[in-house]
Structure formats: C-alpha cells, structure tokens
1. Between Leu162, Leu204, Leu154, which is in contact with a helix residue (DSSP H, G or I) (Cβ under 6 Å, 6 or more places away or on another chain), free of Cβ contacts under 8 Å to residues at least 60 places away in the same chain and of a type in the set (A, V, I, L, M, F, W, C)?
2. Hey, could you check the range 84-99 for residues that are of a type in the set (Gly, Ala, Ser) and within 13 Å of the ligand (Cβ to nearest atom) and say which is most open to solvent (accessible area, probe 1.4 Å)?
3. I need the full set of residues from the range 36-58 which are under 21 Å from Ile96 (Cα atoms), open to solvent by 30 Å² or more (accessible area, probe 1.4 Å) and in contact with a helix residue (DSSP H, G or I) (Cβ under 6 Å, 6 or more places away or on another chain), in order please.
4. What's the number of the condition Gly119 fails, among (1) on the phi < 0 side of the Ramachandran plot; (2) more than 11 Å from the ligand (Cβ to nearest atom)?
5. Of the residues Ser18, Ser12, Ser36, Ser4, which single one is in contact with a His (Cβ under 6 Å, 6 or more places away or on another chain) and within 12 Å of the ligand (Cβ to nearest atom)?
6. Among the residues of the range 130-144, write down those that are open to solvent by 50 Å² or more (accessible area, probe 1.4 Å) and either assigned to a loop (DSSP other than H, G, I, E, B) or within 15 Å of the ligand (Cβ to nearest atom) (or both).
7. Name every residue in the range 118-127 that is within 20 Å of the chain's Cα centre (by Cα) and open to solvent by 20 Å² or more (accessible area, probe 1.4 Å), in order of residue number.
8. Within the range 146-194, how many residues turn out to be in a loop (DSSP other than H, G, I, E, B), open to solvent by 50 Å² or more (accessible area, probe 1.4 Å) and of a type in the set (Asp, Glu)?
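The values are calculated or read from the model by the stated rules, or taken from the named source; none is laboratory data. This one's a predicted model, so the numbers in the text were calculated from it and none came from an experiment. Because the Cβ atoms are built from the backbone with ideal geometry, glycine has one as well, and the counts that use them run over all protein chains shown. In case anyone asks, the SASA skips ligands and DNA or RNA and just uses the protein heavy atoms, side chains included. Shrake-Rupley method; radii C 1.70, N 1.55, O 1.52, S 1.80 Å.
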Amino acid sequence: MSVSVAVFASGSGSNFQSLLDHQTEDSPGRIELLISDRPDAGALQRAEQAGISTQVIPVKGRSQDGVGLETLEVLEKSEIHVVLLAGYLRLLPHVIIQAYPKLILNIHPALLPSFGGQGMWGRFVHEAVLDSGASFSGPTIHFVDEDYDTGAILAQWPVPVLSGDTPESLAARVLKVEHILYPRAADHLCRAVDQGRQAAPLSLPEEAALQLFR
Ligand code: GRF
C-alpha cells in the first residue's frame, strides 16, 4: 500500500515543491492533495502544475469547529493517512489533531524548543535567532499537537549562523536545508506508517550537514 499524504501550505510552497520533487515511484508516501487557507498561495499554482488536487479552506473569521469539520471531510474523502504542514500559518483544529495522532508533521525554521511559539514565523524567527547571539540555527521537523511548535521532535539539522548574517541570509541558508530534511523526514514517517509502527526520531549525519556550509 502507498501512504496517502496531504500537504497544507499558506505561502509560496518551496517546501511543498521539494517534497514533490523528491517523490519517486519507490517513495513510501504519495502526495495526493494540497490544502491552503489562502486562495493566492503560490503553493496552489505549484500543485496545479503538478496535477495534484487542491482545496482552499478559508480560516479567517470562521469558528475552529466549522473549519475542522470541513477539513476533516476533505481529508477523509481523499483517504489521507499523513498530513505535512509546510508553511501553514494556522493552528490546526482540535478535531484534526485527534483524527491524526502522531500522523501530522510541521517544519519550523529554527532549532526548537528555542525560537518557537505563536508569532514566531518567517522573518521573526530569524531575527530572534540573530538577536540571541546563537551560533547555530536550522530546521526542526516535529509532530503537531494542540499548540504552536510544541510537539515531539522528529528531526533537526544544525546550520551555522555566520557573522554579518541578516534575517534574509540566515533564512536562505536554513531553507536550503529544509528542502533536504523535510522529504527525508516525510519518507521516514510514511515508511513507519506503512509498516504499522511509530516513527522513531530520525538521526542525521550532522557532520556531513555542517560541511555543506564550510
Ligand atoms: C519555511 O521556512 C518553513 O520552515 C516555515 O514556513 C516557511 C515556508 O516556506 N514553516 P515555503 O512556503 O515552503 O517556501
């Protein structure tokens, strides 16, 4: 069986694109659906170009229950097993978290548990990292629970902060690694789901990762 995957994205969708680009016939998961809360999300165009079904589910001004039930119906209709949040800026409704225990991943552009939580997205994350004087940043892939950025960590990949970095230069360095890490973590989870077991934390060749930037 192939594990059916839905990706949620609010923005340009470069992570969604890298997930798509890494997918092969042998991948344990298959992206079947792209869901966005914004009709102008770049990710929607990428999905349409790739022949992936899309669904816009607006969130602003609606109740969590209304959004949750509509989303659940869409996921169930497409028989989705795994959900990947890729730049989705909304908190997932309770009903979705309950329906997909340990089956939803998010990517965050810093090393959680630092630099996460409500309001910590995009440029704000990288500004906070630079303000803190940290020597490393890097993406975190974590399971999604009821709060922002608090679920169990599946994978992280350290990226050096360089002197003279701006939020933009750091974001670009981290994003490059996001595009490598998320497909690996998604495959890791889908393989576990396919085999009916829990996914263990994914260890990565950290030295090799750091050498990317030397
Ligand atoms: C990424 O930096 C990701 O870590 C964060 O949102 C950004 C999405 O970028 N959650 P993109 O839309 O995938 O280009």
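1. Values: Leu162 fails: in contact with a helix residue (DSSP H, G or I) (Cβ under 6 Å, 6 or more places away or on another chain); Leu204 fails: in contact with a helix residue (DSSP H, G or I) (Cβ under 6 Å, 6 or more places away or on another chain).
None of the other options fit; the residue is Leu154.
2. Gly87
3. Within the range 36-58, Thr54, Gln55 qualify.
4. Here Gly119 meets the rest and fails (1).
5. Numbers: Ser12 fails: in contact with a His (Cβ under 6 Å, 6 or more places away or on another chain); Ser36 fails: in contact with a His (Cβ under 6 Å, 6 or more places away or on another chain); Ser4 fails: within 12 Å of the ligand (Cβ to nearest atom).
When all the criteria are applied, what remains is Ser18.
6. Gly133, Ser135, listed by residue number.
7. Gln118, Gly119, Met120, Trp121, Gly122, Arg123, Phe124
8. Matching residues across the range 146-194 total 2.
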